[in-house]
Amino acid sequence: MKIIISPAKKMNVDNDVFAAAKLPCFLEEAKQLAAWMRALTYREAKSLWACSDKIAELNFQRFADMDLERNLTPALLSYEGIQYQYMAPKIFSKNAWDYVQEKLRILSGFYGVLRPLDGVVPYRLEMQAKAGLDGKKDLYDFWGHKLYEQVIDESRTIINLASKEYSKCIEPYLQPEDRFITCIFGEWKDGKVIQKATQAKMARGEMVRFMAENQIAEAEELKLLDHPRYIFEEGLSSEKEYVFVRKNS
C-alpha cells in the first residue's frame with residue numbers, strides 16, 4: 001500500500017532534525033526542469049508562477065542559485081503547508097518515520113515523486129504549470145506515466161490524500177486491478193457533504209499521522225480513524241471513496 005499527498009508552496013531549509021537519506025529518484029528530470037527554469041526571463045517565470053513580485057523574486061533567485069545535491073532538507077520537513085503542520089512529522093516516533101518512509105510518497109511538479117527523507121531544496125513549480133519543454137504542453141505531459149509507476153507497488157493499492165491537481169497525474173494510468181481510494185473530509189451543508197480546502201488539508205495531515213502512529217497496513221483500517229472532528233460514514237462511502245464527515249455538522 002502506498003499513500004500519496006500533495007506538496008506545499010511554502011518551503012524551508014532544516015538540517016537540524018534529520019539529515020537527508022537519499023537523493024530523489026527523478027533527480028535528472030529535476031535538473032532538466034531547473035535548467036529550463038533558469039533559461040526563463042524574470043517576467044516569464046513570474047507569469048508561470050502567477051504570484052506576487054516578492055514571491056517571484058525569491059524563487060527566481062532560488063533557481064539561479066540552485067544546487068540539487070547540496071544543503072538538502074528531508075522532503076517531509078521541508079514543506080510547511082497546512083497539511084504538513086497538522087501531520088507534525090517533527091514529533092514522529094522512529095516507527096512512524098519508518099512507516100512513512102516505506103509507504104508515503106509526495107507528488108511534486110518539480111521532483112516528480114519524493115520519499116519523506118529524500119533531500120530537496122526550496123523551489124516553486126506547481127503541477128499545473130505550462131512548462132513547455134521538450135515539446136511537452138505541460139508538466140502532466142512531461143511526467144507522463146513515470147509517477148504512477150513509481151508509486152504503485154505489489155499491493156496495487158493507493159490511498160489518495162492528494163489534491164485533484166496532483167492525483168490527476170496518477171489516475172489516468174490506473175489499471176483494472178488497482179485500488180485507488182480517495183479520502184474525502186467534508187461537512188453537511190444544504191443536505192449534501194461539501195469539502196472545504198483548508199479543513200481538508202488539515203485532516204489529510206492528521207490522517208497521515210494516524211496511519212503512521214498506528215502502523216495501518218490495510219485500507220479498511222482507515223475506517224477506524226480516531227479523530228475529534230471526523231467520523232467515517234459507511235453509507236456515503238464506496239470502494240473508491242472513503243467519506244469522513246465532521247461531527248455535529
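Of note:
- Counted as qualifying within the stretch 82-187 are the strands (runs of 3 or more DSSP E) with 2 or more residues that are within 27 Å of Ala34 (Cβ to Cβ) and at pLDDT 95 or above, namely 104-108, 112-114.
- The lone criterion from (1) part of a helix (DSSP H, G or I); (2) among the hydrophobic types (A, V, I, L, M, F, W, C); (3) open to solvent by 50 Å² or more (accessible area, probe 1.4 Å) left unmet by Ala19 is number (1).
- When Met202 is tested against the conditions (1) outside any strand (DSSP E or B); (2) aliphatic (A, V, I, L, M); (3) open to solvent by less than 20 Å² (accessible area, probe 1.4 Å), the lone failure is (3).
- Any hit, the stretch 209-224, residues being of a type outside the set (Asp, Glu), farther than 22 Å from Gly144 by Cβ and either part of a strand (DSSP E or B) or touching a Ser or Thr at 6+ places or on another chain (Cβ under 7 Å) (or both): yes
- Filter pass, Tyr173 being touching a helix residue (DSSP H, G or I) at 6+ places or on another chain (Cβ under 8 Å), surrounded by fewer than 19 Cβ atoms within 10 Å (Cβ to Cβ) and not aliphatic (A, V, I, L, M): yes
- Taken together, Ala39, Ala56 contain a single residue that is of a type in the set (A, V, I, L, M, F, W, C), without any contact (Cβ under 8 Å) to a residue 40 or more places away in the chain and open to solvent by less than 30 Å² (accessible area, probe 1.4 Å), which is Ala56.
- Residue satisfying all of: in the stretch 144-158; in contact (Cβ under 8 Å) with a residue 40 or more places away in the chain and in contact with a Leu (Cβ under 9 Å, 6 or more places away or on another chain); most open to solvent (accessible area, probe 1.4 Å) among these: Ile152
- Residue in the stretch 27-35 that is assigned to a loop (DSSP other than H, G, I, E, B) and crowded, with 16+ Cβ neighbours inside 10 Å present: no
- The listed residue being more than 29 Å from Val208 (Cα to Cα), of a type in the set (A, V, I, L, M) and open to solvent by less than 70 Å² (accessible area, probe 1.4 Å), out of Met11, Met66: Met66
- Filtered residue count, the stretch 62-107, keeping only those that are among the aliphatic types (A, V, I, L, M) and under 16 Å from Ala21 (Cβ atoms): 9
- The requirement of being surrounded by 15 or more Cβ atoms within 10 Å (Cβ to Cβ), within 19 Å of Met87 (Cα to Cα) and not aliphatic (A, V, I, L, M) is fulfilled nowhere in the stretch 215-224; no residue meets it.
The values are calculated or read from the model by the stated rules, or taken from the named source; none is laboratory data. Because the structure is predicted, anything quoted here is derived from the model rather than measured. Every residue, glycine among them, receives a Cβ derived from its backbone with ideal geometry; neighbour counts consider all protein chains shown. All accessible areas refer to the heavy atoms of the entire protein, side chains included, with ligands and DNA or RNA removed. Shrake-Rupley method; radii C 1.70, N 1.55, O 1.52, S 1.80 Å.
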